[in-house]
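Just below is one structure, and these are the notes that go with it.
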Amino acid sequence: MALSYVDPAVDRLCADIAALASGDPGDAGDVEARLIELAAANFPAITGFWRRTRPGTGVPDVVYKTAPPFLFDDAHRARTFRTSSTTGRVAGEVTYSERGLRLMDVSIVAGARHAVFAGLDRPVVVRLVPSAAAAPHMVMAYGMELIARTFGDPVLSTCALGPDGFVWPALRLSLDSAIAEERPVVLMGGTSAMANLCRALIENGEVRQLPAGSRAVDAGGAKSRSGAVATDELRALLDQAFGLGGGTHLNLFGMTELASQLYDSADVALGPRGERPKAGHAMVRARVRHPDDLSPRECGAGLLDVADLCVIDRPYAVLTGDWAVAGEHGVAVTGRVDRTSARGCSLVLDGITGGGRIDA
Amino acid sequence: MPDPSAVTWFPSWVDRAHLRSFDLFAPDRPDLAHRGERPEPARWPAVAEGLRAARSRLAGLPVAAIIDVIDRVCTQWTDREFPHRLAARRRIVAATGFSPEAVDRSLDVELANYRRATLYATLRRELGDPAVLDRFRPDPELAGRTRAHGPEITGVILTGNVPGLPALPIIRALLVKSAVIAKVASGEPAFAAAFVASLAEVAPALADAVVVTYWRRDDHGSLDAVLGVADAVIAYGGAEACRAIRARLRPEHRYVEHPHTFSAGVLTQRYLAERGLAGTAAAVARDVATFNQHACIAPQAYLVEEGEHSPRRFAEVLAAAMAADAEGHPLGELSDRAAAAAALQRTADVWRAATDESSWSTWTSAGFDWTVVLAPDLPESGGGNRVIRVVPVRTAGAAVDLLRPVGARLQNIGLGATGAQFRELAERFAAAGASRICEPGRMAEPSMMWRHDGMPCVAGLVRWCDIEMHQESRASEEDDDGPDRPDSARVSEASRHRRSDRLHAARR
């Protein structure tokens, strides 16, 4: 029988997830078991899917392009985010209930506190993503704005990406004020935007030495279609443009379909372009599955499957559509699986129908 | 003796000092290195000079002699124990991951096509009289005479998706007495050079007019240099690759393009009743499995008219037929990239089947040997590797409507219909853009006579000269001297010439 959004069992589950995400001791295994029960009760088809694949296999990301699952018929749909075009020609949609959104907030903040802001007191956060108001359906804009609001200096932090590109006056003011006040800067944004900013500053002769404690967090590098920037290439640019040396850069992996993010957990190159491994933690776990049978692999390359215990509005695991490498220190995400290229001279139908469906 | 591991072929008249060695790593098989040679871009004009000289000797041969040679070489290749074929098969398996059986079926289908009778029929169909390639021939409609000349040099951008297919454009060019510069594909670079090496053993005069090499897709210097010396271009490839070539053509280039296309089959209730589900399914399985579904003529979907023999039941029977076919003819080994794409597609289809049982079902092998998907619509991506959708349609006519948006990119239709219904559907598919209609089970076997992509591919290479309104154009005795006879003696003579008159064009 389906569980109502306001069922006490759902209340307890949300409370336990929030506590776990905030770092309180708890039983992640128990939470996962209850999420499985919730998915099976409210979306019975998933048991058939798991029977045909493997129990716990993530929902294929492409599902969110056509018929995104939502577990609570009686819940108000508080917010909808759209997937980036890298997922496919047609953008997917991911809807959050109020509770789902709150859990995502908790997870975003907890992840950033642990991975990025440890030891920093109100740094200047410079976001290289649009504001949430300018891009209301972009989950990265939402998440980075939440992080800046939670951890950043409220006066000097800024959103440095506008509709026409970099907002140079605001950017210069933030950076130069931080330098003058010796306040650490946290640069956050998409990989390409971060690389482009560095290149522009270098070309314009506007390189700076950011104060001690400054760092950079980029997202989306492996997913870029415009040509991914290798980790070491980005680091060299950050060093040249901002004086950000070793140990000051992290890459994060996030998806619209997930509430939590995975951050680099060890500074060892694991992927072919220097991608660093991400270890996950109690609330979010990255796995690599063998393409032949979807069996989990402890070591080696395969399909990325992320289980995120902070997701309650839909099945909690996603088969992300990425290729990844598992190693001793975690999982490095190395890029999107190319599903659009035709094999041989058979046509990709998407290419001639503009991504639209042809209905019988 | 050519290097048996090389993916390139240069005639002996080419000065090797002007060639540079390279290693070729296919994107899907980075552990497999092929070796080859190519000239620097600046050296192509000298190579072209040698090719033109070789071509002038080729042009002196009667087309009958050329056909005779091609027939002999391709007859050898249809023998599964032919040493060149055995070596090529081994290398094609390594490069493509196709099973040896899949490569053999592909080579059987491709090379059985280029035999004397078919070659003559192709020329007659496209040019009327094959001897127009030798001399002026009477043209009654014109009340005069007509003559066809092929290009001096044809540049060929090959595809690697179908083992054996590279022979086709090379043969088309040689039939019109054109020299050839062929660029192999990184995905399957081995066959073309092996084929030309075997040609050299039978008729050095023909192989002397062919260069097979490779350059990277982003090596615009080599591409521009070859386009600069070629008079005609035959290109296989996706939209991006074809666009890049088209953008570099000169107005005077003759250009024959084979872009990506979409093929499908249609089964009416009457056809299923007459032929039976099992027999039809076995035929469809052959359509799907041959070339591992990588060819433009391979169906990506079969549209089945709803009725007593339900599409779902047909899909079940087809799954059994796919399994049976794969037993003796397995898919092979997918690269990581292909396996990842296949796994994601299969998982997505399983999800749809789990969430919409009335419209979707999947039947799969344990590995990736085959997949049958019952689905309400066409696949968005033609992934190949034996993944076939069975799409129910209310009426057979609805199948035409479903495929109409594919338009001019619609290639091959396996039309399982009979009588008046067949004739009506054939008319409608032709109007919708299809370029070939055949029986289910014969989709993978187009004859060389078929107008590939809806155009005459041999005639597209030639330039005609007509004599009309001239008193000298009346028929003479030599007009009766038909071309349909073997003439290997003249090939041998040309080969002797070649040895005594060896060119060193690259040195000049």
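The values are calculated or read from the model by the stated rules, or taken from the named source; none is laboratory data. In this text, all values refer to a predicted model and were calculated from it rather than measured experimentally. With ideal geometry, Cβ positions are generated from the backbone for all residues, glycine too; neighbour counts draw on all protein chains shown.
Within segment B:251-286, the set of residues being within 14 Å of chain A (Cβ to nearest Cβ), touching a Phe, Trp or Tyr at 6+ places or on another chain (Cβ under 8 Å) and within 16 Å of B:Glu439 (Cβ to Cβ) comprises B:Ala264, B:Gly265, B:Val266. Taken together, the criteria place A:Ala132 among residues that are within 16 Å of the chain's Cα centre (by Cα), assigned to a loop (DSSP other than H, G, I, E, B) and among the small types (Gly, Ala, Ser).
B:Ala354 meets each of the listed conditions (1) among the hydrophobic types (A, V, I, L, M, F, W, C); (2) more than 7 Å from every other protein chain (Cβ to nearest Cβ); (3) in a helix (DSSP H, G or I) apart from (2). Listed by first and then second residue, the pairs with beta-carbon distance under 7 Å, at least 6 apart or on different chains, first residue in segment B:378-404 and under 25 Å from A:Asp338 (Cα atoms) and within 10 Å of chain A (Cβ to nearest Cβ), second in a helix (DSSP H, G or I) and of a type in the set (Asp, Glu), are B:Glu380/A:Asp350; B:Ser381/A:Asp350.
When segment B:332-351 is filtered for residues that are more than 29 Å from the chain's Cα centre (by Cα) and more than 8 Å from every other protein chain (Cβ to nearest Cβ), only B:Asp349 remains. Residues in segment A:264-286 that are surrounded by fewer than 22 Cβ atoms within 10 Å (Cβ to Cβ) and not in a loop (DSSP other than H, G, I, E, B): A:Arg285 only.
Remark: B:Ser359 matches the filter, which requires a residue to be within 12 Å of chain A (Cβ to nearest Cβ), out of contact with any Phe, Trp or Tyr (no Cβ under 7 Å at 6 or more places or on another chain), in a loop (DSSP other than H, G, I, E, B) and at pLDDT 95 or above. When A:Val306, A:Val311 are screened for being under 28 Å from B:Gly383 (Cα atoms) and crowded, with 24+ Cβ neighbours inside 10 Å, only A:Val306 passes.
Can you tell me which residues in segment B:362-377 are aromatic (Phe, Trp, Tyr) and within 8 Å of chain A (Cβ to nearest Cβ)?
Initial filter on segment B:362-377 (aromatic (Phe, Trp, Tyr)): B:363, B:368, B:370.
Selection gives B:Phe368 alone.
Residues in segment A:33-49: is at least one in contact (Cβ under 8 Å) with a residue 40 or more places away in the chain, in a helix (DSSP H, G or I) and facing another protein chain (nearest Cβ under 10 Å)? Looking for residues that are in contact (Cβ under 8 Å) with a residue 40 or more places away in the chain, in a helix (DSSP H, G or I) and facing another protein chain (nearest Cβ under 10 Å), one finds at least one in segment A:33-49, hence yes.
Listed by first and then second residue, the pairs linking a residue in segment B:147-170 that is modelled with pLDDT under 95 to a residue that is acidic (Asp, Glu), with Cβ atoms under 8 Å apart and 6 or more places separating them unless they lie on different chains, are B:Gly160/B:Glu188; B:Asn161/B:Glu188; B:Val162/B:Glu110. Close Cβ contacts (under 9 Å, 6 or more residues apart or on different chains) running from residues in segment A:266-277 that are in contact (Cβ under 8 Å) with a residue 40 or more places away in the chain to residues that are assigned to a loop (DSSP other than H, G, I, E, B) and polar (S, T, N, Q) comprise A:Arg276/A:Ser265; A:Pro277/A:Ser265. Per the conditions (1) in contact (Cβ under 8 Å) with a residue 24 or more places away in the chain; (2) outside any helix (DSSP H, G or I); (3) surrounded by fewer than 17 Cβ atoms within 10 Å (Cβ to Cβ), the sole criterion not satisfied by A:Arg113 is (2). Among the residues of segment B:159-184, those identified as within 14 Å of chain A (Cβ to nearest Cβ) and under 20 Å from B:Asp104 (Cβ atoms) are B:Thr159, B:Gly160, B:Asn161, B:Val162, B:Pro163, B:Gly164, B:Leu165, B:Pro166, B:Leu168.
Tell me whether segment B:417-431 contains one or more residues that are in contact with a Gly (Cβ under 9 Å, 6 or more places away or on another chain), within 13 Å of chain A (Cβ to nearest Cβ) and not polar (S, T, N, Q). No: segment B:417-431 contains no residue that is in contact with a Gly (Cβ under 9 Å, 6 or more places away or on another chain), within 13 Å of chain A (Cβ to nearest Cβ) and not polar (S, T, N, Q). Looking across segment A:135-166, the residues that are assigned to a loop (DSSP other than H, G, I, E, B) and either of a type outside the set (S, T, N, Q) or out of contact with any Ser or Thr (no Cβ under 9 Å at 6 or more places or on another chain) (or both) come down to A:Ala135, A:Pro136, A:His137, A:Met138, A:Gly152, A:Asp153, A:Pro154, A:Val155, A:Leu156, A:Ala160, A:Pro163, A:Asp164.
If the condition is being more than 16 Å from B:Val162 (Cβ to Cβ) and more than 11 Å from chain A (Cβ to nearest Cβ), then segment B:287-310 contributes B:Tyr302, B:Val304, B:Glu305, B:Gly307, B:Glu308, B:His309, B:Ser310. Tell me yes or no: at least one residue of segment A:294-305 is assigned to a loop (DSSP other than H, G, I, E, B) and within 14 Å of another protein chain (Cβ to nearest Cβ). Checked against the condition, which is being assigned to a loop (DSSP other than H, G, I, E, B) and within 14 Å of another protein chain (Cβ to nearest Cβ), segment A:294-305 yields at least one hit. Taken over segment A:4-32, residues that are surrounded by fewer than 16 Cβ atoms within 10 Å (Cβ to Cβ), part of a helix (DSSP H, G or I) and acidic (Asp, Glu) amount to 2.
Please go through segment B:119-138 and give me each residue that is in a helix (DSSP H, G or I) and surrounded by fewer than 21 Cβ atoms within 10 Å (Cβ to Cβ), ordered by number.
B:Tyr120, B:Ala121, B:Arg124, B:Arg125
Pairs linking a residue in segment B:306-332 that is surrounded by 21 or more Cβ atoms within 10 Å (Cβ to Cβ) to a residue that is in a loop (DSSP other than H, G, I, E, B) and basic (Lys, Arg), with Cβ atoms under 7 Å and 6 or more positions apart or on different chains, are B:Met322/B:Arg386; B:Leu331/B:Arg386.
Filtering segment B:245-262 down to residues that are in contact with an Asp or Glu (Cβ under 9 Å, 6 or more places away or on another chain) and not charged (D, E, K, R), which residue is farthest from B:Ala301 (Cα to Cα)? Across segment B:245-262, the extreme among qualifying residues is B:His253.
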